[in-house]
1. Using a 1.4 Å probe on the protein chains only, how many percent of the accessible area of the chain belongs to carbon and sulfur?
2. Percent relative contact order of the chain, based on C-alpha pairs within less than 8 angstrom and at least six residues apart?
3. Of the beta bridges DSSP finds with both residues in segment 201-344, what % are antiparallel, to the nearest 5?
4. Just the number please: accessible area per residue for segment 235-356, 1.4 Å probe, all protein chains included, in Å².
5. Rounded to two decimals, what is the ratio between the C-alpha radius of gyration of segment 234-336 and 2.2 N^0.38 Å?
6. Whole-Hz ³J(HN,Hα) for each residue in segment 179-193, computed from phi via Karplus 6.51 cos²θ - 1.76 cosθ + 1.60 with θ = phi - 60°, x for glycine and proline: what do you get?
7. Using the Karplus equation 6.51 cos²θ - 1.76 cosθ + 1.60 (θ = phi - 60°), what ³J(HN,Hα) coupling, rounded to whole Hz, does each residue of segment 229-237 give in order, writing x for Gly and Pro?
8. Which Cα, out of 220, 139, 59, lies furthest along the positive dipole direction of the chain (beta carbon charges, K/R +1, D/E -1)?
Amino acid sequence: MKLGIVGLPNVGKSTLFNTITQAGAQVANYPFCTIEPNVGIVAVPDERLYKLAALYNSQKITHAVIEFVDIAGLVKGASRGEGLGNKFLSHIREVDAIVHVVRCFDDPEIIHVEGSIDPIRDIETINLELVLADLESLTKRIDKTKASAKGGDKKYLAELEILEKIHAALAEGKPARSVKLKDEEKEFADGLFLLTQKKVIYVANTAENEAEDNEYVKKVKAYAEAEGSETVALCARLEAELAALPPEERAEFMEAMGIERSGLDKLITSSYRLLGLMSYLTAGEKETRAWTIPVGTKAPQAAGKIHTDFEKGFIRAEVVNYETLLECGSYAAAKEKGKVRSEGKDYVMQEGDVVIFRFNV
């Protein structure tokens, strides 16, 4: 899963990126300090892995991972090539979803490109540039499709209907994801690779003492809810301080500050929910590991995440719920108590399944 971190210059994008990936992207108080996208891989926190590894005496623990891309700041006119617009737009096409960082704090020492703090204006500035970029590419696609549909070809006429439906929404300043489409129409729309088709998580970057009660945050949450997106409120500066601490000190600091979950945890949870993802687990003496799959994935396809041979030669999946396995104390005990199920090709994987795949090459 690849998430692109975007936002206007100086809203905290690179600070957030540094915090969650510890990849050392340059942070400076001026626009475009991140000219080329910085890429970092971060492990998905999952306490279940440590408990399973202890149960199996595993030599290695492998977390699921998320790839974060810190993309250069955007300004008005990006769709026309202003600032680093063309680079921004090309980089954003490559990600699965957008993490849109919005400044929700006052600080006269940190310059805002618009001269004032207004999170909704900032959101709409970026959204408008993405809409304009999509309008341009969609207009070209419509012209080509019209030419192909002149002979009355039903395929192109159907495609033209979808294209014009999306174009109408974009012309009103609405994102492509706001257009209601049938399943077969969605498949075609996904192939257009429109910027505004991508799902969005808004990260409301706040001051340290007002992460949840900030009026700016409330506005962002209301905006996100209205368009079916998600919001994570956090203080990037505080998260950076947390990330710099050793694990034990971090836990003590979080308890003292009344923080139950880190911003990274909240962001990952929102990302999984937004993209319809889940994890299943495998465990043994060599390795305990989490595997990321879409919700609704059947057992053979889940097995294919490990190796294509597992999917091709799939026989069955031996499945036990994570909590049940811990309660039983071992896989052998769970099997003896009839808690291990034998599932076939039509089994839909569930969050927290601990699985052994049986296959024949």
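The values are calculated or read from the model by the stated rules, or taken from the named source; none is laboratory data. Quick caveat: nothing in here was measured; it's all calculated off a predicted structure. Cβ sites come from the backbone with ideal geometry, for glycine too, and all protein chains shown count toward neighbours. Note: areas computed on protein heavy atoms with side chains; ligands, DNA, RNA excluded. Shrake-Rupley method; radii C 1.70, N 1.55, O 1.52, S 1.80 Å.
1. 50
2. Over the chain, the number comes to 18 percent.
3. Counting DSSP beta bridges with both partners in segment 201-344, the antiparallel share is about 65 percent.
4. Using a 1.4 Å probe on heavy atoms only, each residue of segment 235-356 averages 53 Å².
5. Relative to the 2.2 N^0.38 Å estimate, segment 234-336 comes out at 1.44.
6. Listing the rounded values in order: 7, 7, 10, 6, 4, 5, 6, 4, 4, 5, 4, 4, x, 7, 6 Hz.
7. 9, 10, 10, 10, 9, 7, 10, 4, 5
8. In the chain, that residue is 139.
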